[in-house]
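Notes follow once the structure below has been shown.
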């Protein structure tokens, strides 16, 4: 099951020695689809002590942001949404503070916001409330105080919500890791507890998060805090697969691994053997020494380390694989440890490729072929439901384990709808997929759809049954519509008389040069493979010249030669 963003959160606030609590805090943890589109928002605000209505200001900052942020369009970035809301809130505080109190200090508050979306944290900060992060044993303050010390030992805020008509807000982003913890506090807490003490509460132990928040507030009060006290603790329980842009940022400065030899260890993976190497990638069998399981490691070639497009494509391949959750698709494993290099890890399959299966089964049973095609179709449906196209289906990219269960592998050509980062792939001149298996529209430089993957499945089906390709091996690399129009489909009966005519009809429809003539849904093809379609049963058998021009002309030449011999013989005896 693909994991989702999940957190644990605790929060506590107390007025302390003051007559009223001017701190305000809150969070919004939406359900889907907003959890994916907008993320989780955690907000803390502290009404400035010297302002006439700090409580009203902190309340407006917190409630206003939590309400307005989730009302912004899903197409807006987090930064754009937050900045527009903060700018509008700041203008309202400043103008109303002046009109109501005739002072720039009428409605003023600090504000710190943490937004968790996918695998990224977005931080927005104005004032001297704080956000800390604990990662493993490293405790770090992620915000800076907008406060200055004067010569007489006093201090004052030089930046806060509502002070100035134009807002200056600190913004930053950083990747998340499972196990990260965040602490949000107002100065009534962090000014009266040491970093060591704050770290101890964030580290936790057996107490739950809410109890830790309450204990922190009590400890600050016992240390003679003279202000309101508020804190929030957030723990990252799980994360979804990183999105494409996040994965690229995360790996921007990571090096490519060197060529690996058996016995070498990469981030806890001990290399056992190399099973594939090309100019572009290497694939290894490895033992995960942390989890004691055999896995597959795929690494990029150092030949392309300085090629940003290649790096982007390799990372896209990993990300695409992580999005698919299907028994018929190779599982790309989530990393459970910090990575020092660029590579990715998949499940290990003890089996063989479909190409090896075809070689070992030159005359397979129809039922065995249909079973394999059924599994391929289910795997492809998992891609298509995610608005993804595989685009490079061929026998070499399909594995069968020892129980004849298939796995679709290789995500190097996968296209994902709506991902701007893959536009560069569409604009390139190279052929998508592999010649003889790629749909004709790709060869013409056109975009494909689910029917393009269907074409590849049907070609593979034909090859399993007949040991050949439906248009032979004459698919032209420099393709034009005129060249494609000359291609002739070879009926299965010419190669394997055991293939039912209705099965061949379903295959022929699926490999039509014009995608509009193919099935519109891949499961329609599967249905007609299993159930005789009367349309194909009632079709007249095409003439020999159309089915096999070579045999037609050879037969015609033979008949002409025979007739010439007969004519010569008759002339001689006459």
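The values are calculated or read from the model by the stated rules, or taken from the named source; none is laboratory data. Owing to the predicted nature of the structure, the values given are computational and were not obtained by experimental measurement. Cβ atoms come from the backbone with ideal geometry, glycine included; neighbour counts cover every protein chain shown.
Odds and ends about this structure:
- Looking across region 335-346 at every residue that is at pLDDT 85 or above and under 19 Å from residue 178 (Cβ atoms), the one that is surrounded by the fewest Cβ atoms within 10 Å (Cβ to Cβ) is identified as 340.
- Hey, residue 499 outside any loop (DSSP other than H, G, I, E, B) and closer than 26 Å to residue 359 by Cα or not: no
- Residue 59 meets all of the listed conditions (1) surrounded by 20 or more Cβ atoms within 10 Å (Cβ to Cβ); (2) at pLDDT 90 or above but one, namely (1).
- Which numbered condition residue 263 misses (of (1) in a helix (DSSP H, G or I); (2) over 25 Å from the mean Cα position of the chain (by Cα); (3) farther than 23 Å from residue 397 by Cβ; (4) not assigned by TED's automatic domain parsing to the domain that holds residue 175): (1)
Residue-wise test of (1) touching a helix residue (DSSP H, G or I) at 6+ places or on another chain (Cβ under 6 Å); (2) more than 30 Å from residue 242 (Cβ to Cβ); (3) in the same structural domain as residue 87 (by TED's automatic domain parsing); (4) at pLDDT 95 or above.
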| residue | (1), (2), (3), (4) |
| --- | --- |
| 163 | no, yes, yes, no |
| 166 | no, yes, yes, no |
| 173 | no, no, yes, no |
| 190 | no, yes, yes, yes |
| 209 | no, no, yes, no |
| 216 | yes, yes, yes, yes |
| 219 | no, yes, yes, yes |
| 222 | no, yes, yes, yes |
| 229 | yes, yes, yes, yes |
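- Exactly one residue out of 535, 499 is surrounded by 15 or more Cβ atoms within 10 Å (Cβ to Cβ) and modelled with pLDDT of 80 or more, and it is 499.
- The requirement of being in contact with a helix residue (DSSP H, G or I) (Cβ under 8 Å, 6 or more places away or on another chain), buried (at least 22 other Cβ atoms within 10 Å of the Cβ), modelled with pLDDT of 85 or more and more than 23 Å from residue 379 (Cβ to Cβ) is satisfied by residue 492.
- Enumeration of residues in region 1-14 that are over 17 Å from residue 234 (Cβ atoms) and either in contact with a strand residue (DSSP E or B) (Cβ under 8 Å, 6 or more places away or on another chain) or buried (at least 18 other Cβ atoms within 10 Å of the Cβ) (or both): 3, 14
- Residues (closer than 30 Å to residue 5 by Cα and either over 37 Å from the mean Cα position of the chain (by Cα) or assigned to a loop (DSSP other than H, G, I, E, B) (or both)) located in region 128-160: 128, 129, 136, 137, 142, 143, 144, 145
- The set of residues in region 40-87 being touching a helix residue (DSSP H, G or I) at 6+ places or on another chain (Cβ under 7 Å), within 13 Å of residue 24 (Cβ to Cβ) and assigned to a strand (DSSP E or B) consists of 43, 45, 46, 47.
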